[in-house]
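First up is the structure itself, then whatever we jot down about it.
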Amino acid sequence: MTDKPTPAEPGVSPPSEADNDDDVIQRSVPAPTKTPLFQAIHAERYQRQAIIKNIQERSGHRLICYVSGSGCAIDRDDTVPFVDLLHNVPPAEDLDLLLHTGGGDIDAAEKLISMVRTKVGAAKLRVVVPDFAKSAGTLMVLGADCVVMSDTSELGPIDPQVILADGNGNRIRHSVQSYLDAVLESAPVRRTWSRAAVAVAVRERSGQQQADYQRLTAVIAVPLHSGNRAWALRELVILHELAHHLADSDEEPHGPGFAGRLISLISVVIGEEAGFLLRTTMWDNGVRIG
């Protein structure tokens, strides 16, 4: 008895002997389709993909994007997604990196841009900054062969940063050096402490999580922002080190004279309410105040 051939399903061509296994699968399994609800839920994603594809067609370069808001910083957790992002990028070919970030971990930023540079090799790496790439983001920009910016694009300093709130409560990173210069040049501080006329310098303190003031050289050493744990770069800590600088002479570390000066400095720079709260907290904890 001879087996009869199985009739082909409607709309599916029967496989021939010349077809290989991949062709048979591709022709036998219908391409997946997106439901209207799925398409609507992921509409913004598909729109971004279409825009990226359009940019690539017009520029002639492959484009990858690293975009984060003000509440999301560069950190080591970005390494694996970056590996995935670069997986399908051909090596030794021109590449565009669209970068939008407020900064973050300096070590992580160096690692990410090194990964991109290794993939690009001797080809051209172009970084596009549509809005801003601050702090550690600026460090990544410096690894490019070419930078594309608009009239409103922003880069930032790559020295130690202090995070301050603006009038609307937004947390903004500022250069510690610029912040200290502004405090020392302010009229109330100049009137109160003669040492305000002595400039103070800022440098990175490697391998440490605590800030430190070195009176002999008038240098404040601070650790760089790392993994969103840069507690030493808070405004109160920076003012704490500046209070050491403003002492007229060597004194008991963190003694009554220092405590009184720190309270006065915070009252002048941040506000009377902050100074009052600090004084009350010190009293409650038995701190001697000069």
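The values are calculated or read from the model by the stated rules, or taken from the named source; none is laboratory data. Note that this is a predicted model, so its numbers are computed, not measured. Glycine also receives a Cβ, built like all others from the backbone with ideal geometry; neighbour counts cover every protein chain displayed.
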Boolean, V128 is under 24 Å from A218 (Cβ atoms) and in a strand (DSSP E or B): no
So R195, is it within 27 Å of R279 (Cα to Cα) and at pLDDT 75 or above: yes
Check on G257, at pLDDT 90 or above, in contact with an Asp or Glu (Cβ under 6 Å, 6 or more places away or on another chain) and either under 19 Å from A165 (Cβ atoms) or not assigned by TED's automatic domain parsing to the domain that holds A108 (or both): yes
Residue ID - nearest to the chain's Cα centre (by Cα), chosen from residues in the stretch 203-243 that are modelled with pLDDT of 85 or more and surrounded by 20 or more Cβ atoms within 10 Å (Cβ to Cβ): I238
Cβ pairs under 6 Å, 6+ apart, first in the stretch 269-282 and more than 23 Å from R190 (Cβ to Cβ), second of a type in the set (S, T, Y): none
Those residues of the stretch 29-39 which are exposed (fewer than 10 other Cβ atoms within 10 Å of the Cβ) and at pLDDT 80 or above, in sequence order: T35, P36, L37
Hits in the stretch 191-202 (condition: surrounded by 14 or more Cβ atoms within 10 Å (Cβ to Cβ) and either in contact with a Gly (Cβ under 8 Å, 6 or more places away or on another chain) or closer than 18 Å to G271 by Cα (or both)): T192, W193
